[in-house]
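Quick notes on the structure that follows.
The values are calculated or read from the model by the stated rules, or taken from the named source; none is laboratory data. Just so it is clear, the structure is predicted and the values come from calculations on it, not from any experiment. Cβ placement follows ideal geometry from the backbone for every residue including glycine, while neighbour counts extend to all protein chains displayed. Protein only, heavy atoms only, side chains kept; ligands, DNA and RNA dropped before computing areas. Shrake-Rupley method; radii C 1.70, N 1.55, O 1.52, S 1.80 Å.
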Amino acid sequence: MKIALLGYGKMGKVIERIALERGHQIVLRKTSSTSFDGLETADVAIDFSIPSVAVSNISECIKNNIPVVSGTTGWLDDYDKMVALCNEKQGTFIYGSNFSLGVNLFFELNSYLAKMMSKFDQYKVAMEEIHHTQKLDAPSGTAISLAKDIISNSSYSQWELGNTAAEHTIAIDAKRIENVPGTHTIRYDSPVDTIEITHTAHSRDGFAFGAVIAAEWLQNKKGVYTMKDVLFGT
């Protein structure tokens, strides 16, 4: 499989290593100072860029009939536009706030726990996410996905950045600490006890491996997908 890397920072380099280990070829390593030359030869593109260029990267792929996997977060105000463009052009697109296999299992656990806890209003939910200091968006896309899943399965109606929040609002405390790949904790507090679930990434390898798996899965498909489709076929 021929892969175009859109974004060639730390994540891009890890994706390159894992892709090569799995027998794939890199035909484009796009940075902010290089062009899309070579994109047309790719079987798939993987976008781990920055929020300000993610939409243009995804659009370029869809318009050129190149399936695209995007793990860039912080641009989701334009997500519906990309879905509409993909449908219009009969393209292939998958976005994930986190491509780690472990995190996607954590998403499922979080949803199930939220359903259970919704019956016990003495427990108040809050979240904490910790990432490296180079991460540009806060809270993380993963934290937002976790919050949305709780909202879908409980009486909570919204999330708010900070360590305290109003009734029916999930507080997300976003911390930035050097050399932390990503840690997410969901905490249910009551006057008598606390229930927590946590996912801790030890390196970027899990995110990169999942992105390559998603790119492999997209071959010969059309439409808009999520990582849940890749892992669970739903």
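Using only alpha carbons, region 192-234 has a radius of gyration to Kirkwood radius ratio (Rg to Rh) of 1.18. Pairs of alpha carbons in region 35-169 separated by more than 25 Å make up 38% of all such pairs. Between A211, I3, I130, the Cα set farthest toward the positive side of the dipole of the chain (charges on each charged residue's Cβ, about the Cα centre) is that of I3.
Put a plus charge on the Cβ of each Lys and Arg, a minus charge on the Cβ of each Asp and Glu, and nothing anywhere else: the dipole of region 81-153 about its Cα centre is then about 140 debye.
Computed over the chain with a Gaussian network model linking Cα atoms closer than 10 Å, the most mobile of T41, T194, T185 is T194.
Applying 0.36 nm per residue to the separation of K13 and I50 and subtracting their alpha-carbon distance, the gain on full extension is 11.8 nm. Return a whole-number percent for the relative contact order of the chain, with Cα pairs under 8 Å and 6 or more residues apart as the contact set. Computed over the chain, the figure is 21 percent. Given their separation in residues at 0.36 nm each and the Cα-Cα distance between them, K175 and T34 gain 47.5 nm when the chain is fully extended.
The residues of the chain expose on average 48 square angstrom of accessible surface per residue, using a 1.4 Å probe on protein heavy atoms. Using the alpha-carbon positions of region 56-98, Rg (one decimal) and Dmax (whole number) come out as 9.4, 26 Å. Largest first, the three principal axis extents of the alpha carbons in region 120-234 are 52, 34, 23 Å in whole numbers.
Across the chain, the volume of the C-alpha convex hull divided among the residues equals 121 Å³ per residue.
Charges were assigned to the Cβ only: +1 to each Lys and Arg, -1 to each Asp and Glu. The resulting dipole of region 129-234 about its Cα centre is roughly 460 debye. Computed over region 1-68, the range of Cα coordinates on each principal axis works out to 29, 24, 16 Å, biggest value leading. Within region 46-76, find all residues whose amide N lies under 14 Å from a label point positioned 7 Å from the Cα of D229 along Cα-to-beta-carbon. Of the residues in region 46-76, 67-70 have backbone N under 14 Å from the label point off D229. Taking every C-alpha pair closer than 8 Å and separated by at least 6 residues, the mean separation divided by the residue count of region 1-123 gives a relative contact order of 20 percent. For the options D205, D77, D137, a Gaussian network treatment of the chain with springs between C-alpha atoms closer than 10 Å singles out D77 as fluctuating the most.
Around the Cα centre of the chain, unit charges on the Cβ atoms of Lys, Arg, Asp and Glu (plus for the first two, minus for the last two) sum to a dipole of about 520 debye.
Taking label points 7 Å from Cα along the Cα-to-Cβ direction, K115 and L101 give a separation of 2.4 nm. For region 125-150, the residues whose amide N sits under 17 Å from a probe point set 7 Å from the Cα of D193 along the beta carbon direction are 125. The helix-only estimate of mean residue ellipticity at 222 nm for the chain, built from DSSP H runs of length n ≥ 4 each weighted as -39500 (n - 2.57), is -11000 deg cm²/dmol after division by the residue total.
Ordering N163, A84, I46 by the projection of their Cα atoms onto the charge dipole of the chain, which places +1 on the Cβ of Lys and Arg and -1 on the Cβ of Asp and Glu, puts I46 at the extreme positive end. Spread over its residues, the convex hull of the C-alpha atoms of region 140-189 is 82 Å³ per residue.
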